[in-house]
Every structure is written in C-alpha cells, then in structure tokens.
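Reviewing the structure listed below.
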Ligand SMILES: Nc1nc2c(ncn2[C@@H]2O[C@H](COP(=O)(O)OP(=O)(O)OP(=O)(O)O)[C@@H](O)[C@H]2O)c(=O)[nH]1
Ligand SMILES: [Zn+2]
C-alpha cells in the first residue's frame, strides 16, 4: 500500500495545473534531458512519416500520449535503500521471487516484461524486503538490455550490502521478438548473474536456482 502511495498520481487539489502523467513524473525522476514538448512534436512527426492520419478525434492527442508514455517508462523512481543490522546473524539465503519486470529494450524501444528472482546471503546487514523490487524497478526504468539490467541489480546489492553472495535471475519476453521481426511469441529469455559464494559454490547456486523454480544445474 505504501508502494502505491509513493508513486500515486497527485490529486487535482494538490497540483491543479498538472496533467496526471506530469504529476506522476514529479514523484519520480525523469531523465535530466527530458523535453516533453519536443518529444510530442517528434512523435507527431514519426506518426505522420508512418502515414498515420492525425486529423481525427481519436488520434489528435496521440503524440502527447506517446511522449508522456515514454517519459513515464523512462522516469527513474527514487527510493531509499534501507538496510538493518543483522542482529540475529541470519546466514541463509534470502530470496524474493517473481518481482515484476517492465523495461524497454534499447534496440527497438519496445517493452520487455517478465519477472526477476533476487536473493542474497547476508553478512553484517540485511535489506528491507521491498527494496529488492525497488532496485529492479530502478534499473528497469530506462532503455535497457536484459543482460545489463541483471548485472546492475546484482552490482547494486553487492555494493550496498557487502553480502556473502548475490544471485539475480531475470526471465522476460521481449515484444520486439514476439510481436514483430521473428515473431517468436512465448519465447522467454533467461539471464542470471551471481556474486561471491553463490558464484563460487555450485551447491549454493543450485539451491538458489531450485528455490527460484528455474530449472537446470548451474
Ligand atoms: N542481447 C540482447 N539482445 C536484445 C535485447 N533486446 C533486444 N535484443 C536484440 O537486439 C537485436 C537487434 O538486432 P538488429 O539486427 O540490429 O535489429 P532487427 O533488424 O530489428 O532484428 P530482428 O529483431 O531480428 O528483426 C535483435 O536480435 C533483438 O532481439 C536484450 O535485452 N539483449
Ligand atoms: Zn528489441
């Protein structure tokens, strides 16, 4: 519930002059160089160049919606990476499974969607559980490759927690590969990155993969 509050659209009373999407951008961090007016003009040019009629009522606002939709998908959500001392000395795997992934492939600027499984072996500090999904979201809100997204989530956890191990698996469907081009609908790409004990110890990695439900001996 607090997640919804953090990214809710501001009410008209709070921001009477703002359109809903602009309001949402205020509680997230748009790329520094975002120019919505220029993006809207460029979207209109793109649609016109593709031969789409913009005169009718249905599409008159489409360039604005396109510009705002991309700006929203590229706006990096900010958050605190809250950690706690590991007072109980918990030293088994902590795994958050099935975190939604929504990102844009940098080659076509088309969405790829799926899930991430993120886990670590704690050392001195433990991470607030919601932060696993927030780290994934933070790196997903940009033009990405699935490989880079997987590595960046791993490296951020490594850097902030100094844990004994980190494992990240991402399973996603790329619409650039399912809706167009090769049209391999249903094909899912699986990427993984491991650090520390989960990288070096094949039994620990196998346990991690078994808990994620991802098949295969690493
Ligand atoms: N490695 C990697 N490739 C990706 C990702 N997202 C999209 N791609 C690929 O990027 C490649 C771009 O290839 P190009 O040949 O330049 O583009 P294209 O002519 O549209 O290729 P097709 O998709 O095969 O029609 C394609 O093979 C995509 O499937 C990703 O996250 N990681
Ligand atoms: Zn693509």
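Before moving on, here are some points about what is shown:
- Only one of the listed residues (72, 92) is more than 13 Å from the chain's Cα centre (by Cα) and away from ligand 2 (no atom under 16 Å from the Cβ). That residue is 92.
- So residue 119, is it touching a residue at least 60 places away in the same chain (Cβ under 8 Å), buried (at least 17 other Cβ atoms within 10 Å of the Cβ) and within 16 Å of ligand 2 (Cβ to nearest atom): no
- So residue 170, is it part of a helix (DSSP H, G or I), touching a helix residue (DSSP H, G or I) at 6+ places or on another chain (Cβ under 6 Å) and crowded, with 22+ Cβ neighbours inside 10 Å: no
- On inspection, residue 53 qualifies as modelled with pLDDT under 95, loosely packed, with under 15 Cβ neighbours inside 10 Å and either touching a helix residue (DSSP H, G or I) at 6+ places or on another chain (Cβ under 9 Å) or not assigned by TED's automatic domain parsing to the domain that holds residue 159 (or both).
- Taken as a whole, region 118-137 holds no residue that is within 12 Å of ligand 1 (Cβ to nearest atom) and in contact with a strand residue (DSSP E or B) (Cβ under 6 Å, 6 or more places away or on another chain).
- Among the conditions (1) more than 12 Å from the chain's Cα centre (by Cα); (2) buried (at least 18 other Cβ atoms within 10 Å of the Cβ); (3) near ligand 1 (Cβ under 10 Å from one of its atoms), the only one that residue 144 does not satisfy is (1).
The values are calculated or read from the model by the stated rules, or taken from the named source; none is laboratory data. Since this is a predicted model, take the numbers as computed values, not measurements. In this analysis, Cβ positions are derived from the backbone assuming ideal geometry, glycine residues included, and neighbour counts consider all displayed protein chains.
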